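Asker: Quick one: structure below, then a few questions.
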Amino acid sequence: LAAVKNVARFLTLVQSLIQRQEGLPGLGVFYGHSGLGKTYASIYAQNMTNAMRLEVGDSWTRVKFLQNLLREAGLEPGKGTIADLTERAINALADDWTRPLFIDEADKLADKGMLELVREIHEHSQVPVLLIGEELLPEKLEKVERVHNRVLDWIAAEPCDHDDARKLADLVCSEVQVTDELIDHLVDITRGRARRIV
């Protein structure tokens, strides 16, 4: 994996959540346009921090979200009501409140009215929770005040620059010499979208 600048931004946000002062909220938001490398940054950071990571599916319900969260925490979800599963998830996460939880595609939770569930889990377990989503995620969070006012920090993913594109080129085609002119051209025609550069 290449440590492009969005990876550094993401890791900075994770560390600020983990090292926050007692009493401060532990929600963070990493947002930006599709293709900027948000998911890539979260996978890189997961490997560095032993974080739990969920990528929310379009079809997910509250139960499905909680079942996947329990599996990610190393437990079998078993059966029970949403309240039972939520309590199990809180207890599982509270065992190590410094281990972060990354939730990718968090827009889908907002669209389905599931943000309060995330707030409840964060509030009672105190684990750092990092919501990852598209550029409109901050606006969607603003509509849920009890979640919005618990966000410690917001960081926007940025388009790749020349240095980022060079790192990606070295990663995916190290056996080929790619000129600076071609790197600049790729950054220009892709508008710095990491996925398209790759």
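The values are calculated or read from the model by the stated rules, or taken from the named source; none is laboratory data. Everything numeric in this text was worked out from a predicted model, so none of it was measured. Don't worry about glycine lacking a Cβ; one is built from the backbone with ideal geometry, like all the others, and counts go over all protein chains shown. Accessible surface areas use protein heavy atoms only, side chains included; no ligands, DNA or RNA. Shrake-Rupley method; radii C 1.70, N 1.55, O 1.52, S 1.80 Å.
Asker: Can you give me the Kirkwood hydrodynamic radius for region 81-136, using every pair of distinct Cα atoms, in Å to one decimal?
Answerer: 11.7
Asker: Moving on. Which Cα, out of Met48, Leu69, Ala106, lies furthest along the positive dipole direction of region 40-128 (beta carbon charges, K/R +1, D/E -1)?
Answerer: Value: Leu69.
Asker: Reachable aspartates and glutamates from Lys112, Cα under 19 Å, same-chain residues fewer than 8 places away excluded?
Answerer: Filter leaves Glu55, Asp58, Asp104, Glu120, Glu134, Glu135, Glu139, Glu142, Glu145.
Asker: Would you calculate, for the chain, the mean residue ellipticity at 222 nm contributed by helices, counting each DSSP H stretch of 4 or more residues as -39,500 (n - 2.57) and dividing by all residues, to the nearest 500?
Answerer: Estimated from H runs of four or more residues: -15000 deg cm²/dmol.
Asker: Take the chain, compute every pairwise Cα distance, and split them into 5 Å bins from 0; I just need the percent in each bin.
Answerer: 1, 8, 16, 18, 18, 14, 10, 7, 4, 3, 1, 0
Asker: Next question, about the same structure. Where the convex hull is taken over the Cα atoms of region 1-46, what is its projected area averaged over directions, in nm²?
Answerer: Value for region 1-46: 3.3 nm².
Asker: Could you check how much of the accessible area of the chain is carbon and sulfur, as a whole percent, using a 1.4 Å probe?
Answerer: Of the solvent-accessible surface of the chain, carbon and sulfur hold 48 percent.
Asker: Separate question: Please work out the ratio of the alpha-carbon Rg of region 156-198 to 2.2 N^0.38 Å and round it to two decimals.
Answerer: So the Cα radius of gyration is 1.04 times the expected 2.2 N^0.38 Å.
Asker: Compute from the Cα atoms of region 9-98 the Rg and the Dmax, the latter being the longest Cα-Cα distance, and quote both in angstrom.
Answerer: Rg then Dmax for region 9-98, in Å: 14.5, 39.
Asker: Is there a quick way to get the dipole size of the chain? I mean about its Cα centre, with the Cβ of Lys and Arg at +1 and of Asp and Glu at -1; what is the value in debye to the nearest 20?
Answerer: Dipole of the chain, to the nearest 20 debye: 440 debye.
Asker: Right, here's the next one. Compute the acute angle (0 to 90°) between the alpha-carbon long axis of helix 115-125 and the principal axis of greatest extent of the alpha-carbon atoms of the chain; round to the nearest 10°.
Answerer: That works out to roughly 70 degrees.
Asker: For region 23-89, report the accessible area per residue in Å² (1.4 Å probe, heavy atoms, rounded to an integer).
Answerer: Counting only protein heavy atoms, the per-residue value for region 23-89 is 47 Å².
Asker: Output the pairs from Lys108/Lys140; Lys38/Lys64; Lys38/Lys167 with a Cα-Cα distance over 18 Å in this structure; if there are none, say none.
Answerer: The answer is Lys38/Lys64.
Asker: Find how many whole Å separate the alpha carbon centroid of region 54-78 from the alpha carbon centroid of region 18-37.
Answerer: Each part's Cα centre sits 21 Å from the other's.
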